[in-house]
Amino acid sequence: MFSEFKDDEMKRKLLHSCCKYRVRNLQKAETERTLVRRKVKELESLGQKLGTLLSRKEQLWAVVNRAAFYHDFLDAVVKKSSKFEDIGGLLGRFDTLTSTRDQLLERAGVVDSETEEERQRLRRYVSERSSALLQQNTSLSQLQTRLDRARSLALKWETTWTRVQSTAAGETLLLGQIQAATLNLYHAAGGVLGGAEGVGLDDTVRQLEKIHLFIKDRTDIVKELQSDAAKSAKN
């Protein structure tokens, strides 16, 4: 009975060992299948990339074939020119000229910007000067109006002054005539010129006063004589 138990134990261990081995084999097989599937996917991806690269290669070859004309053209230019040793030198010169052109364009842009600023300043200056000129023209117009009024007023006063001078000349002549007549009357009334009893030659007022006194005296005398004559006639 003990031997049978021992045999069963060995069988169980053997079976357990076989199961473990089988499980390991299954796991290993699954791992290998997973690895194979991964490799297959990688191969498919690499195949797609290879197809893309081959397509890109064909495109680049097409570009190279199309650009071969330019290469041949540049090579012919280099051979005909003594300034360049190879196409690289020609392209280097082209790059230098392109860089110089870009710098010149940039400088031209700066100059254009500065020119535009100066143009704006000129516009502002012209606008300010135009405004100032307009104000000056307005002031000049106002001054011209005032000048015209002053000229008109001056002409009016000149006419008035001429009339006054004309009137004054007439009055001066009349005054001279009055003075001459007064002097004659003064002499006729026995007036004396100069001295303590006399009056000045040009003192017409005093002469008139003397004449007035002379006439008054003579009038009084005439009245007295008339009164005496009337009294005598009554007697």
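Nothing in this text is a laboratory measurement; each read-out follows from the coordinates by a stated rule. Because the structure is predicted, anything quoted here is derived from the model rather than measured. All Cβ positions, even for glycine, are placed from backbone atoms using ideal geometry, and neighbour counts span all protein chains on display.
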For the chain the mean separation of alpha carbon contacts under 8 Å (6+ apart) over residue count, i.e. relative contact order in percent, is 6 percent
Taking a ≥ b ≥ c as the square roots of the eigenvalues of the Cα gyration tensor, with a/c under 1.5 meaning rounded and otherwise prolate when a/b exceeds b/c and oblate if not, region 40-133 is oblate
Toy charge model, Lys and Arg Cβ at +1, Asp and Glu Cβ at -1: the chain dipole around Cα centroid in debye, rounded to 20, equals 2420 debye
For region 189-235, the Kirkwood Rh over every pair of distinct alpha carbons, in Å, works out to 12.5 Å
For region 189-235, whose charge dipole is built from +1 on Lys and Arg Cβ atoms and -1 on Asp and Glu Cβ atoms, the candidate among His212, Ala196, Ala233 with its Cα farthest towards the positive end is Ala233
Labelled set [x] 158, 39, 14; [y] 52, 27, 15; [z] 51, 18, 15; semi-axes √(5λ) of the Cα gyration tensor in Å computed from this model equals the value at [x]
